[in-house]
1. Within the range 129-144, does at least one residue satisfy the condition of being surrounded by fewer than 12 Cβ atoms within 10 Å (Cβ to Cβ), among the basic types (Lys, Arg) and at pLDDT below 80?
2. Taking the range 36-52 on its own, how many of its residues are acidic (Asp, Glu) and within 58 Å of the chain's Cα centre (by Cα)?
Amino acid sequence: MNSITLAAGEELNPLIPHPVEIVLSLVVFALLYLAVKKWVVPNFEKTFAERTQAIEGGLAAAETKQAEADAKLAELNQQLSDARHEAARIREEAREQGATIVAEMRQQAQSEAARIVEHAHTQIEAERQQAVTSLRAEVGALATSLAGRIVGESLDDEARQSRVVDRFLADLESQQATGNGAH
């Protein structure tokens, strides 16, 4: 006999619960529902609210930090641009100063070269004058001695000797000038 019998003689169906069990189950469920609603759900909602607030605060802080980082990046880019412009300006000034220095050094070198050339010309002219004077004296002595032998009288007189030498040199220069003009 598989069926369960009750004291009143009625047989219970195993698929349909007894009304006392249904009422008892509803009371326990209602108490459990009220306990969860009173103590568990507020804690969950509080935790969810805190997490939501933390996430939103984190997002706001991240947005603030991102805005600060963007502003700092823009500032650094501006400083970098300014530094590049300053470096270009300094390079240009250095280039101009270098060109000025080179021009000054060229001018000084040209002045020094002109001074050296002028000094050399002066020295050469002085040496030429010294050589001409020395040659005049030697030619004069030789011419006087030769003229004295040809004429047969002494030309030791200074004035006479000077006139003879000057005349001789003038004749040589005129012959040289006509000789150069003929060529």
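1. no
2. Step one: list which residues in the range 36-52 are acidic (Asp, Glu), which gives 45, 50.
Checking which are within 58 Å of the chain's Cα centre (by Cα) leaves us with 50.
Qualifying residue count for the region: 1.
The values are calculated or read from the model by the stated rules, or taken from the named source; none is laboratory data. The model shown is predicted, which means the values in this text are computed figures rather than measured ones. Cβ coordinates were reconstructed from backbone atoms using ideal geometry, including for glycine residues, and neighbour counts include every protein chain displayed.
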